[in-house]
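Some notes on the structure that comes next.
The values are calculated or read from the model by the stated rules, or taken from the named source; none is laboratory data. All values reported here derive from a predicted model rather than from experimental measurement. Counting neighbours? That spans all protein chains shown, and the Cβs are built from the backbone with ideal geometry, glycine included. For the accessible areas, the whole protein counts, side chains as well, though only heavy atoms, and no ligand, DNA or RNA atoms are used. Shrake-Rupley method; radii C 1.70, N 1.55, O 1.52, S 1.80 Å.
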Amino acid sequence: MSAKNLVDRIYEIATRRGFFIPTAEIYGGLAGAFDYGPIGTLMKRKIEEIWREIFVLDEDNVWEIDGNVILPERVLMASGHVENFVEPVAQCKKCNAVYRVDKLVEELLNIPGEGKTPKELEKIIKENNIRCPACGGELSDVRVFNVMFPLLIGPTGRLKGYLRPETAQNIFINFNRVWLAVRARLPFAIAQIGKSFRNEISPRQFLYRLREFTQMEIEQFGTPEIFAKHPRFHEVVDLEINFVPAKGENAGRTIKIKLGEAVEKGIFPNEYFAYYIGKTYLFYKRLGIPDEDIRFREIPDYERPFYSKMNVDVEIRLSIGWKEVEGTAYRADYDLSRHSRFSGVKLAIQHNGKMVIPEVIEASFGIERTMLAILEKCFRPENYDRPWAWFAFPPYLAPISVAVYPLLEKEKAMVEKAKELYRKLRKKKVNVVFDAKGSIGKRYARADEIGIPFCITIDHETLEDDTVTIRDRDSKEQVRVPIKELEDILNKLISGSVSFEDIKKRYPLVGKK
Ligand code: ATP
């Protein structure tokens, strides 16, 4: 399937079945903006929970905050966003279309555009006679456009602010309050899941480039001595990742490297950085992204902020190419030092008897790009193995885990029994739906389409002996199990602690495929 067909197909199902709804759709929509629908909301929560399990709950010393999205201008002056969070743009003199010039140059000439100055880009445009791709008109000079959304706060309109372009700034400006509140000592980390906003010049590719999106960010605080050794490094030392170095003999090529070796050879600056790379790799593996579709790309110097000691992006192979979904950065003490200077409040912590401004390692994930990757990787088109399209989400990630069906809608006793089971599962916090309409085959197809891994059917036998069938989405096979054991079986199947293959060995198979 071509990239366009695949994205179109996923878009169609995702909007029809309640993953996403184009924002203000009934008014014609808004570019780069989607609301989460009922299914998407559940899935987003699952992704957040898995992230929290790996980055927060699995660690001893990580604290979460939930910061304000409106920030006063001073914060973003200090962070450097007011001055530097800009993209080079040019406008067509004929049709007025606006282009992000670095991307235009990359697409048309296949040369790197990021990191070039407006003057350099203008020169490239002139030399290569680049014109408006839409109408062939002449392009204007290149100017820079700040992609933050400005705000006027309060009735006088005199207090300037912005919607935050990343969640990280709340973490830095609250640093003193947080460590004092939780009595933290170095090393510790602050994490945050929340909305960020960027006035992207050309939002596109469905969930890839949005103007409002959700980030999951973690800022690890420490010192160079602390970062050198991670107490749990042995857990990731042998993980082998696909790595694209920015320098050396393999620059630009994908190589396989173990995290231990990457630290030993000085490719990664320290064990903490490598540990975060390892956890990030495990996170994407847990989301079901295959090894060969995950790579870690070292950001070359010309794309990297001057203060950062190393940046590595996770890229996932999507139908639209290798695309960034996450970035890990060793930001040194830039953020806390800048905010200390601009605010006049020293953001520092007691360490070994003196006050120090800690260094930071940051891992920054986008949920919607991650979601797009999951949707693509799990998508099974029509006639892959059944006449309808479906999603092969791992059970623990599926937005709806279970569907409960009475075999026949007109059989009151079956409907009641099914409703009773449905309510019981809901009370146990299982994401479950009830569906009585249409043939059982149609209901299975509807369930497959949103990736429900297990369907329970209440039939004639249920009324006689209190057993139900569980239909497995992937194999399309069914087993019959006693209702009293169902909850336990479902819990194990959903968490992934047992597979349907295991269940098949213990209970009789029924029906046909
Ligand atoms: P790009 O170069 O693609 O604009 P970026 O390098 O500016 O992205 P970061 O500032 O590193 O992105 O943000 C961290 C993460 O936030 C990204 O890896 C991505 O998952 C997410 N993200 C950033 N911008 C967007 C956006 N416009 N739409 C959706 N997700 C985004």
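Could you name the aspartates and glutamates whose alpha carbon sits less than 19 Å from that of LYS492, not counting residues in the same chain fewer than 8 places away?
The qualifying aspartates and glutamates are GLU49, GLU53, ASP472, ASP474, GLU477, GLU501, ASP502.
Tell me, what is the FRET efficiency for GLU303 and SER475 to the nearest 0.05, using R0 = 45 angstrom and their Cβ-Cβ distance as r?
Taking R0 as 45 Å, the efficiency between GLU303 and SER475 is 0.50.
Using a Cα-Cα cut-off of under 18 Å, which lysines could be cross-linked to LYS412, ignoring same-chain neighbours fewer than 8 residues away?
LYS437
How many Å² of accessible area per residue for the chain, probe 1.4 Å?
47
Could you give the radius of gyration (one decimal) and Dmax (whole number) of the Cα atoms in the chain, in Å?
25.9, 82
Could you compute the FRET efficiency for LYS346 and ASP465, with r as their C-beta to C-beta distance and R0 at 60 Å, rounded to 0.05?
Once rounded, the FRET efficiency stands at 0.25.
How far is it, in nm, from the label point at ALA228 to the one at ALA413 when both lie 7 Å from their Cα along the line to the Cβ?
For ALA228 paired with ALA413, the spin-label model returns 7.6 nm.
What does the charge count near PRO300 come to, summing +1 for each Lys or Arg and -1 for each Asp or Glu among other residues with Cβ under 12 Å from its Cβ?
Every neighbour counted, the sum reads -2.
Between TYR27 and LEU108, what's the calculated FRET efficiency when r is the beta-carbon distance and R0 is 35 Å? Round to 0.05.
So the FRET efficiency works out to roughly 0.55.
Which parts of region 218-262 would a label at VAL182 reach, counting a residue when its backbone N lies under 14 Å from a point 7 Å out along Cα-to-Cβ?
Flagged as within label range: 218-222.
Tell me which residues come under 5 Å, amide H to amide H, from VAL468 once H is placed; ignore anything under 5 positions away on its chain.
VAL481, ILE483
For ILE153 and ARG423, calculate 0.36 nm times their separation in residues minus their Cα-Cα distance, and state this gained length in nm to one decimal.
Answer, rounded to one decimal: 92.6 nm.
How about LYS256: which aspartates and glutamates have a C-alpha closer than 12 Å to its C-alpha, ignoring those fewer than 8 places off in the same chain?
Hits, sequence-local ones excluded: ASP238, GLU240, ASP291, GLU292.
For region 146-151, take each phi angle, set θ = phi - 60°, evaluate the Karplus expression 6.51 cos²θ - 1.76 cosθ + 1.60, and give the result in whole Hz per residue in order, putting x for glycine and proline.
7, 8, 7, 8, x, 9
Expected output is a single nm value to one decimal: the length gained when fully extending between ALA134 and SER439, i.e. 0.36 nm times separation in residues minus the C-alpha distance. What is it?
104.9 nm
Beyond 28 Å between alpha-carbons counts as too far, so tell me which of LYS428/LYS504; LYS116/LYS346; LYS93/LYS160; LYS116/LYS265; LYS44/LYS410; LYS116/LYS247 fall in that bin.
Over 28 Å apart, Cα to Cα: LYS116/LYS346; LYS93/LYS160; LYS116/LYS265; LYS44/LYS410.
Given labels modelled 7 Å from the Cα in the Cβ direction, how far is it in nm from GLU501 to GLU324?
3.9
Whenever you get a sec, compute what percent of the accessible area on region 305-359 sits on carbon and sulfur atoms (1.4 Å probe).
The nonpolar share, carbon plus sulfur, comes to 50 percent.
Find how many whole Å separate the alpha carbon centroid of region 1-80 from the alpha carbon centroid of region 489-513.
Each part's Cα centre sits 32 Å from the other's.
Please state the shape class of region 384-512: rounded when a/c is under 1.5, otherwise prolate if a/b exceeds b/c and oblate if not, all from the C-alpha gyration tensor.
rounded
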